[in-house]
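All of the numbers you see were taken from the coordinates with simple rules; none came from a lab. The model shown is predicted, which means the values in this text are computed figures rather than measured ones. Cβ placement follows ideal geometry from the backbone for every residue including glycine, while neighbour counts extend to all protein chains displayed.
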Amino acid sequence: MTTQNDWISVCSDDDLVLNSGVCALVNDKEVAIFKMKTGSEDKVFAVSNWDPFGKANVLYRGLVGSVDGAEVIIAPLYKQRYNLTTGQCLDDESVKLTVYPVRVEQDKVLLQSAG
């Protein structure tokens with residue numbers, strides 16, 4: 001893991017599997033990273049790996065999909081759906097995941113510091 005300003009290189013783009021998730025430990029926080037095909041492009045999303053309902057770090061194991069045009073992760077334990085862009089739980093509006101800015105540059109997945 002290397003740091004460039006406040007962006008941290010967490011893995012290679014080749015480490016990501018399309019329509020699946022991986023987990024990275026960034027500044028002692030578990031972050032779930034997902035790569036999805038949206039239209040003609042691949043997009044990468046990063047959210048907290050902590051499942052607030054299941055009380056476990058398991059979100060990277062969830063299923064990805066879309067609901068009303070928004071990319072979502074479906075939690076593996078109790079099946080809550082979360083918008084990957086906003087972190088908002090679609091099944092309980094009082095719950096929201098932490099979302100981390102993420103980008104891919106020169107085959108490296110960069111995450112803005114999870115502080």
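Details
- Of all residues making up the stretch 5-47, the number that are closer than 13 Å to Leu111 by Cα, part of a strand (DSSP E or B) and of a type in the set (Asp, Glu): 1
- Selection count where residues are exposed (fewer than 14 other Cβ atoms within 10 Å of the Cβ), within 13 Å of the chain's Cα centre (by Cα) and under 14 Å from Leu77 (Cβ atoms), scope the stretch 11-62: 0
- Summed over the stretch 1-60, residues that are touching a residue at least 60 places away in the same chain (Cβ under 8 Å), within 19 Å of Thr86 (Cα to Cα) and among the aliphatic types (A, V, I, L, M) total 4.
- Test: Asp92 is touching a residue at least 60 places away in the same chain (Cβ under 8 Å) and either charged (D, E, K, R) or under 14 Å from Pro52 (Cα atoms) (or both): no
- Counting only residues that are outside any strand (DSSP E or B) and over 10 Å from the mean Cα position of the chain (by Cα), the stretch 76-107 holds 14 of them.
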